[in-house]
Each structure stands twice: as C-alpha cells, then as structure tokens.
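A.B. asks: The structure's right below; bear with me while I get my questions together.
The values are calculated or read from the model by the stated rules, or taken from the named source; none is laboratory data. As the structure is a prediction and not an experimental result, all values here were calculated from the model. FYI the Cβ positions are ideal-geometry reconstructions off the backbone, even for glycines, and counts take in every protein chain you see. These accessible areas exclude ligands, DNA and RNA; they are computed on the full protein's heavy atoms, side chains included. Shrake-Rupley method; radii C 1.70, N 1.55, O 1.52, S 1.80 Å.
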Amino acid sequence: MWNLQTSLAIVGTLCLTAVCGYKNGKVEKSCESMMPEHHSQPNTTASPYTLTVNASKFSPGVDIRVTLSGSEHFEGFLIQARDATNHDGSAVGSFALVDHKISQRLTCNSIEGSAVSHTSNAKKTEIQVIWKAPSNAPPTVHFLATVLAHYKTFWLKLPSPVISQGDATPAPPQSTTVMSTNSASTSILPHPFTTEGCGKRKSCLIDPVGCNSSIDTNCFFLSYSTLDQTVSFELSGPAQGYVSFALSKDEWMGDDDAYLCVNDGGRVSVEAAHTTGRTYPELASKSVLTDVGWRVSDGVIQCKFSRSIYTPQDPVRFSLNNSYYLFLAHGTAENGMIHRHTWQPLISSHHQIITGPPQILTGSRSPLLMKCHGALMLIAWMLAGSSGTLLAGYFKPDWPERTLFGQKIWFQVHRMLMSLTVLLTAVGFVFPFIYRGKWSTRAGAHPYLGCIVMILSFCQPIMAAFRPAPDSSRRWIFNWLHWGVGNAAEIIAVVSIFFGMKQQSLLLPYPWTTGILSAFVVWNIVLKLVLQLHKHDVIRKGSDKDDELPVLSDFSGDVNWDTKFRVAVLAVFVLGNSAFCVSLLSSIGNV
C-alpha cells in the first residue's frame, strides 16, 4: 500500500547544483577553500573563462572593476580578492554589486561583502563587480574565481592579473592547478560483457534471470571475480543516467559501500562512494579503483574496475572477504548528478562472500513484506470481498428458510467472506508500516486510498453490530449505509490496487497486469449487470412456484431455471475472479 523501498542511498534526491551545492549561491562554507562541495574534483583542462580587471594599480579606497567572462555559459561562481603572494590566504577588501539580479555579496573572514557569488543557477556568460581597496590591503592583490559550468564541471581559483599598490613590484602568479585525488586510468571497453563463465570463473547477478548481457539491451548484469588480493567487477544495464551497485550488511539502505557508473555527456565516470542514511553518496576522496574501463552503446552503460580486498587508505570501504547483500540500481543523471532511481533496486536473495566460490545469484526487486501486502489485498478484494457483496445482493431468494448456526445461510456466508476481507485488509495494511517504519511520502495516492479503504472496512462490522431489527422503522437507514459504505470500499480498493501496481516496491509488469485488473473490473460489471437484469425480469424467470426451491435442495429433484441460472452465474463469477487473481499473484511472485 505504500511505496516502501529497500533502496540504495546512492540514489538520493539532493538538489546539488552551483558552488557548495546551493543554487541560491549562499556558499559561505566554501569561503576558505573556494571548493564546491560536489563530491568531485576540479577540472584541470584549459578554462574557457577569464577574470580581468580594469587597472593594474590601486590605492586604498579606489574602486576596481572585475569582470568574469567566458566563451561558454556558466551557472555558478565565487569571486574573492586575496594577497597575490598567498592565494590560500584570507579574503581582502569588499565588493559592490553591478547587477543585483545575478550576483550577491557574501561575508567571508568576518568581512561583509568580501566575496561575491551567484543568486541562481541561471546560465550566464559574464558577471561584473566592483572591488573597493581597503586601507590595510597588501602590496599586491589578485582576484580568484571558482567557476561552475555545471554540477561536476568546474574550475577552481582562476586568477586575474596582479594589481599592485603604489610602486610595489607585482608578484609572480602562483600555480592554481589542482590535481584530482580520486582519479584512475580509464579505457574504452572494446565489447560488451558476457555471461560466459558465470558460476564457474565469476559470480553473477543477472536480471531478468537468464538474459545475456552481450546481446540483450534490457539485461542488468553484475559480475565479480577474485585474483590474488584484487577483485574485478563488471557492471552493465540499460539506463539514461547511471547504473550502480552497493555492498550492504543487511537488506536496508544506509552504511553501504557503493559504486557508481555515471554517464555524463557520453563519458562515464566510475567512482566509489559511501552512503549514510538516505543522503547523497559521499564519493571517495582517495583512489581505490584501478583498471577502470567503460562503454556506452544502444542505451546501455557498462563499466569495469578492480579494487583491493582490503583498502587501508580508505577505511570506509568494506573488506571483500566478508559477506554482503548486493544492491543493483539505475536511474537518470543530469550533468553528472544522479537522481532518485525509477525502479526498485534489485536485491540479492541472500548475502554472499565476495571472495567466495563463484555463484549465479538471484534477486528480487520487491521485499517479501510488500509481496505479502499485495497478495493479501488481491485475495481480500478480488475474491472474498467481491464474492461476499455478490451473495448479499443477488442470492437472498435462494436460501429462504435454511439456517446455519441459527442464521440464514446467505447471511452466514456473506458475514464469513466479509470478515475475511476485513481481516486480510487489516493484516496487509500493517505490513508496509513494519517494512518502512513510517509513512511513505513518495507513494502518491495509493496510501491515502488504502487508509480510506481500511476505515470503511472497519465501519462495516461496527454498523452491523448496532443495526436495528429487521422490522424497525430505522432499518432502511442501516440498509442504505451498509450498501453504500460496502460498495464505496470495494470501488476505492480496486482503484487503490491500480495505483499499487505501479509502486516501486511492487512494480508489476506494465501494461499486462493493468490489463488483467481492467478485465477483472469489466468482468464484474458485466456479470452484476446480468444478475440485475435477471432480478428485474429482463432475463426470463421460471414459475413463481419453482422459485421457492432453495439452492441447497437435492439437485436430483426438480430445480427451477432461475436458481440454476444464478448458481451458474455465481460459479462463473468465482472462477473468473480466481483466474484474474491468480494471474496477478503469479506476477507478484515473479518480481
């Protein structure tokens, strides 16, 4: 009933754009380092941006116009003035704005306006600001700018020409080159991965089961093999943005060792990460991956890498000599930034020692509790509930006198079926809470509809317990309320099932399962219409005398045509609903 994910934290949904991850440019955390907190390294190629000034000399109180411009658009920036002999020092002086719409002043080093940043991630090609020289300015000053083209592409501390105070000799420019600490030599893979050797030379997790990653573009594939003190991984799958996997100590997200292959403009970055809760993954600050390769073809992202069994240089990486569950996920990415996955991740059915004997692993995209939730709701409303309402609506005449435990048979059977419906609904209702532990905010209308169904279901037995006597003048009120609430619960339950089939935690095959449920609805409407027409003599009845013969009488004697007709419709109704229900139950078992 709820969208309950055993999901990878690597697919969190933080809006991380612009310097320090803020679109609004409030990046005081980066005042000292001028480094965006984007979990990536600065670009070391030639920058398309330049930082210029309108003077080479300055004196206290003089205004200097500083211009950041480029041949390409940029989204974010951070500009400061610093001592030209120490560009890692504190910000110097303060700025005035030229355009308040695209720039804003920041307080760095306790000096108001000592830095300037963007106000949004709108694309721009030029920004101008005015720097006012302080009375305590160093002899030589230059301006530094961190420029963000997009999320993972940025240049750090681009320098302007040095300006000097009075007759001071301009200081030579310092190198601002920053080398990546998480880089690994990469290569382009010549051909796709193959399932050959799975279970013999390497362990494999494949979805769908039996697919061949070398020819099937809809195949998700993860393999790993051990050689000496190194484990080699191969990962591929159809995705618009990224494929990823994680090693987890349990079947729950958080505190996982994750690996991402992210397609950024046709080039794949392969990175190790660590997850904490449902936050954006923290990328490894030190290189732990070797022999990295990647390939993008026909919408399939493929990557490979190796890592040591033990990584003392990066203690958050898991030892591969231990046993873990494997999570396999994919989703979209924009400018190298991953977004929440669109499918429930594939989770291995059991934990596996990574350096253990090769195996062919199986997994599921749906947790067992959610499968039970879906199965109970289908049985409750496609079988028990629908049959119970049909009996009460159309079969009262067929059990006129016979009783069961002191009550009419139709009533006892109806009460038994509806009690079963309420019981199954209540049990199924609890499972998502057990699994998730809280309300799911991403399940759309499904949980709200489920709560309405649960409330209406409980209202029915409460109303029945306090119903007036059959000959009471208020009996009609109960009859209409009981009929209305029951039909409302049944209709809303079916609508909720439609929404539930598209939940990530129980994503059934589309559009096949939607067609099955639609056929079930049409089937119920048609058969109830047939019984309604029969009830109002549109379909021929037998004689009034024969109508008094009960369904449970000896069928060896004469049974009227009307009774036979209703029994036949009931049998067809139950068989048809059972077929539809079993079809959907089998789909739940296969996800």
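A.B. asks: Would a scan of the stretch 147-155 turn up a residue that is within 19 Å of Lys29 (Cα to Cα), outside any strand (DSSP E or B), open to solvent by 50 Å² or more (accessible area, probe 1.4 Å) and at pLDDT below 90?
C.D. replies: no
A.B. asks: Using the structure shown, decide if Gly76 is in contact with a helix residue (DSSP H, G or I) (Cβ under 8 Å, 6 or more places away or on another chain) and either at pLDDT below 90 or crowded, with 18+ Cβ neighbours inside 10 Å (or both).
C.D. replies: yes
A.B. asks: Could you tell me which residue of the stretch 231-276 is most open to solvent (accessible area, probe 1.4 Å), considering only residues that are of a type in the set (Val, Ile, Thr) and in contact with a helix residue (DSSP H, G or I) (Cβ under 9 Å, 6 or more places away or on another chain)?
C.D. replies: Ranking the qualifying residues of the stretch 231-276, first place goes to Thr276.
A.B. asks: Quick one: Gly293 ticks every box in (1) closer than 28 Å to Val209 by Cα; (2) in contact with a Gly (Cβ under 8 Å, 6 or more places away or on another chain) bar one, so which box is it?
C.D. replies: Failed condition: (2).
A.B. asks: What do you reckon, is Glu490 more than 25 Å from the chain's Cα centre (by Cα), within 25 Å of Ser586 (Cβ to Cβ) and modelled with pLDDT under 95?
C.D. replies: In short, yes.
A.B. asks: Mind listing whichever residues of the stretch 115-139 are buried (at least 16 other Cβ atoms within 10 Å of the Cβ), under 11 Å from Val92 (Cα atoms) and either free of Cβ contacts under 8 Å to residues at least 12 places away in the same chain or not hydrophobic (A, V, I, L, M, F, W, C) (or both)?
C.D. replies: Lys132, Pro134, Pro138 - these are the residues of the stretch 115-139 that are buried (at least 16 other Cβ atoms within 10 Å of the Cβ), under 11 Å from Val92 (Cα atoms) and either free of Cβ contacts under 8 Å to residues at least 12 places away in the same chain or not hydrophobic (A, V, I, L, M, F, W, C) (or both).
A.B. asks: Another question about this same structure. Could you list, in sequence order, the residues of the stretch 255-277 that are assigned to a loop (DSSP other than H, G, I, E, B), of a type outside the set (Ser, Thr, Tyr) and farther than 18 Å from His191 by Cα?
C.D. replies: Asp255, Gly265, Gly277
A.B. asks: Any idea which residue in the stretch 22-39 is nearest to His73 (Cα to Cα), counting only those that are at pLDDT below 70 and open to solvent by 10 Å² or more (accessible area, probe 1.4 Å)?
C.D. replies: Ranking the candidates gives Lys23 first.
A.B. asks: Being touching a Lys or Arg at 6+ places or on another chain (Cβ under 8 Å) and either of a type in the set (Ser, Thr, Tyr) or closer than 24 Å to Ile353 by Cβ (or both) is the filter here; which residues of the stretch 257-269 pass it?
C.D. replies: Correct list: Asp257, Ser269.
A.B. asks: Give the number of residues within the stretch 39-68 that are part of a loop (DSSP other than H, G, I, E, B) and farther than 30 Å from Glu282 by Cβ.
C.D. replies: Matching residues across the stretch 39-68 total 7.
A.B. asks: Something else about it: So, in the stretch 311-364, exactly how many residues are of a type in the set (Val, Ile, Thr) and either in contact with a His (Cβ under 6 Å, 6 or more places away or on another chain) or within 17 Å of Leu235 (Cβ to Cβ) (or both)?
C.D. replies: Of the residues in the stretch 311-364, 6 are of a type in the set (Val, Ile, Thr) and either in contact with a His (Cβ under 6 Å, 6 or more places away or on another chain) or within 17 Å of Leu235 (Cβ to Cβ) (or both).
A.B. asks: While we're on this one: Just to verify a result, which residue in the stretch 277-296, among those that are modelled with pLDDT under 85 and in contact with a strand residue (DSSP E or B) (Cβ under 7 Å, 6 or more places away or on another chain), is surrounded by the fewest Cβ atoms within 10 Å (Cβ to Cβ)?
C.D. replies: Glu282
A.B. asks: Just to be sure I understand, how many residues within the stretch 87-104 are out of contact with any Pro (no Cβ under 7 Å at 6 or more places or on another chain) and either hydrophobic (A, V, I, L, M, F, W, C) or open to solvent by 40 Å² or more (accessible area, probe 1.4 Å) (or both)?
C.D. replies: 11
A.B. asks: Among the listed residues Thr332, Thr355, Thr362, which satisfies the condition of being within 30 Å of Arg267 (Cβ to Cβ) and open to solvent by 10 Å² or more (accessible area, probe 1.4 Å)?
C.D. replies: One residue alone meets the criteria, Thr332.
A.B. asks: Related question: Looking only at the stretch 193-223, which residues are surrounded by fewer than 19 Cβ atoms within 10 Å (Cβ to Cβ), in contact (Cβ under 8 Å) with a residue 24 or more places away in the chain and aliphatic (A, V, I, L, M)?
C.D. replies: The one that is surrounded by fewer than 19 Cβ atoms within 10 Å (Cβ to Cβ), in contact (Cβ under 8 Å) with a residue 24 or more places away in the chain and aliphatic (A, V, I, L, M): Val209.
A.B. asks: Let me ask something else. Do you know which residues across the stretch 124-143 are more than 20 Å from Val98 (Cβ to Cβ) and not in a strand (DSSP E or B)?
C.D. replies: Passing the criteria: Ser135, Asn136, Ala137, Pro138, Pro139.
A.B. asks: Related question: Does the stretch 310-329 hold any residues that are surrounded by 17 or more Cβ atoms within 10 Å (Cβ to Cβ), hydroxyl-bearing (Ser, Thr, Tyr) and in contact (Cβ under 8 Å) with a residue 60 or more places away in the chain, and which are they?
C.D. replies: Across the stretch 310-329, the qualifying residues are Tyr324, Tyr325.
A.B. asks: Would it be correct to say that Gly500 is open to solvent by less than 40 Å² (accessible area, probe 1.4 Å), more than 30 Å from Gly363 (Cβ to Cβ), modelled with pLDDT of 85 or more and within 50 Å of the chain's Cα centre (by Cα)?
C.D. replies: no
Yes or no, residue by residue, for (1) of a type in the set (A, V, I, L, M, F, W, C); (2) assigned to a strand (DSSP E or B); (3) at negative phi:
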position	(1), (2), (3)
Thr226	no, yes, yes
Met253	yes, no, yes
Thr279	no, no, yes
Val288	yes, no, yes
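A.B. asks: Can you run down the residue pairs with Cβ atoms below 7 Å, 6 or more apart or on separate chains, where the first is in the stretch 298-309 and open to solvent by 20 Å² or more (accessible area, probe 1.4 Å) and the partner is polar (S, T, N, Q)?
C.D. replies: Note: pairs meeting the criteria are Asp298/Thr217; Gly299/Thr217; Lys304/Ser232; Ser308/Gln229; Ser308/Thr230.
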